[in-house]
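Notes follow the structure.
What follows is calculated from the coordinates using simple rules that are stated; it is not laboratory data. These figures come from a predicted structure and were not determined experimentally. FYI the Cβ positions are ideal-geometry reconstructions off the backbone, even for glycines, and counts take in every protein chain you see.
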Amino acid sequence: MKKILVTGGAGYIGSHTVLALLEKGHEVIIVDNFSNSNPESIRRVEKISGKKVKLYTCDCCNLDEFATVFKENKLDAVIHFAGLKAVGESVSIPLKYYQNNLISTLNLLELMKQYHVYNLAFSSSATVYGEPKSVPIFEDFDLHVSNPYGRTKLMIEDILRDFSKVNPQFNIALLRYFNPIGAHASGLIGEDPNGIPNNLVPYITQVAVGKLKELGVFGNDYPTPDGTCIRDYIHVCDLAEGHVCALDKLFTNCGLVTYNLGTGNGYSVLEVLRAMEKAVGKPIPYAFKPRREGDIPACFASPEKAYKEIGFKAKYSIDDMARDAWNWQKNNPQGYAK
Ligand code: NAD
Ligand code: WQD
């Protein structure tokens, strides 16, 4: 049993990962400022697991407050989810993104060093690959970013690579997530975006539940079999397991490692829509719209390195993801807000 600090643990991926950690017998401490989440997610994780989580309502950008967490707990590792993640918003308010995502991480590194906590898993993103030269995408592909959100992820990766060179006692996993969707099978925790969703699956589930009129499919003239973009959708519970595997690796004293967390399968927007229609049991209205700026035709992972080195393999299918996304939405039409 290890004591794990999870920053951003009330959020979408964080809450599912906290549950996976508790189920493995770890002790979890969450730091979250609830800028994009609701404490209800933590209560529900406690309900599902029958275990308690220690919570600090704290902004990781506030060094003094954040330091309290390290003073009061002898930690074995940190999983750092805290960050802002909306690509479009990052273009409108870039400074907020640079400030929040970078300062929170710099503070975390200072504190980890000061309190001798040497194991860190960082939430990076497939966005760091930009438009890849080919698919599947391998971890050693060139990195390019095209928006402030993506730049914060690449900057943090660069900071961690520099930091690791001169702090060899640190073990750091850069985890590049592909497209997490779905929810825990209980239907008690899931993705609860603020306002109109930017991402495909929450948009579809909100159309299905009657909150939005129709899905706009961004572009049907891409060089893909049905003309719509292809992505590597991964069940959020698989992604959560990926963190458990990555933590085990950190405890082997691995230094800095980088893994894709994806399934290796690509599905088009229309294929996802069909899977969702099957789960919901009725047609979902949609209309083709112009391409969305910044979208790339196809993006999916090679999951081989994560399988070979940390034994991670996604097990849920696109139909499982659709079923669980819908189960969450229909049981919680207003998300956590009731
Ligand atoms: P989320 O917004 O649901 O969770 C992030 C959590 O961090 C929220 O609970 C938020 O309140 C908290 N937070 C933000 N800034 C904070 C701060 N300064 N101090 C304390 N708490 C803070 O997002 P998510 O989808 O769970 O994503 C988690 C991480 O994974 C993020 O870093 C995101 O960039 C990354 N990621 C997400 C995706 C995705 O598609 N969801 C893909 C790749 C990478
Ligand atoms: C998926 C596909 C859209 C909405 C984003 C971030 C990425 C990562 C994951 C954090 C695309 C199409 C979408 C809609 C649509 N996040 N779409 N209508 O863009 O692959 O990745 O989330 O790191 O950085 O960019 O995900 O869910 O927004 O879009 O047709 O209303 O669905 O064009 O092809 P994306 P997404």
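Data overview
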{"read-out": "Loop-located GluC sites (Glu not before Pro) in segment 260-338, at most 16 other Cβ atoms within 10 Å (DSSP)", "value": "GLU293"}
{"read-out": "Signed unit charges on C-beta, dipole axis of the chain, positive-most listed residue PRO223, ALA337, PRO283", "value": "ALA337"}
{"read-out": "For segment 165-229, average projected area of the Cα convex hull in nm²", "value": "8.8 nm²"}
{"read-out": "Share of Cα-Cα pairs in the chain lying beyond 36 Å, as whole percent", "value": "14 percent"}
{"read-out": "Dipole magnitude of segment 106-216, debye to nearest 20 (Cβ charges: Lys/Arg +1, Asp/Glu -1, about Cα centre)", "value": "120 debye"}
{"read-out": "Cβ charges +1 (Lys, Arg) and -1 (Asp, Glu), total dipole of segment 46-112, debye", "value": "320 debye"}
{"read-out": "For the chain, calculated [θ]222 nm from helices alone, where every DSSP H run of n ≥ 4 adds -39500 (n - 2.57)", "value": "-11500 deg cm²/dmol"}
{"read-out": "Calculated log₁₀ intensity ratio I(q)/I(0) where the Debye formula runs over C-alpha points of segment 226-338, q = 0.12, 0.21, 0.24 Å⁻¹", "value": "-0.56, -1.16, -1.28"}
{"read-out": "Taking the C-alpha atoms of segment 93-184, convex hull volume expressed per residue in Å³", "value": "133 Å³"}
{"read-out": "Cα centre as origin, Lys/Arg/Asp/Glu Cβ charges: segment 164-234 dipole, Debye", "value": "260 debye"}
{"read-out": "Semi-axes of the equivalent ellipsoid for segment 1-154, Cα gyration tensor, largest first, Å", "value": "27, 18, 16"}
{"read-out": "Cα-based equivalent ellipsoid, segment 125-235: semi-axes from gyration tensor eigenvalues, Å", "value": "31, 20, 13"}
{"read-out": "With eigenvalues of the C-alpha gyration tensor scaled by 5 and rooted, segment 166-314, Å", "value": "33, 18, 13"}
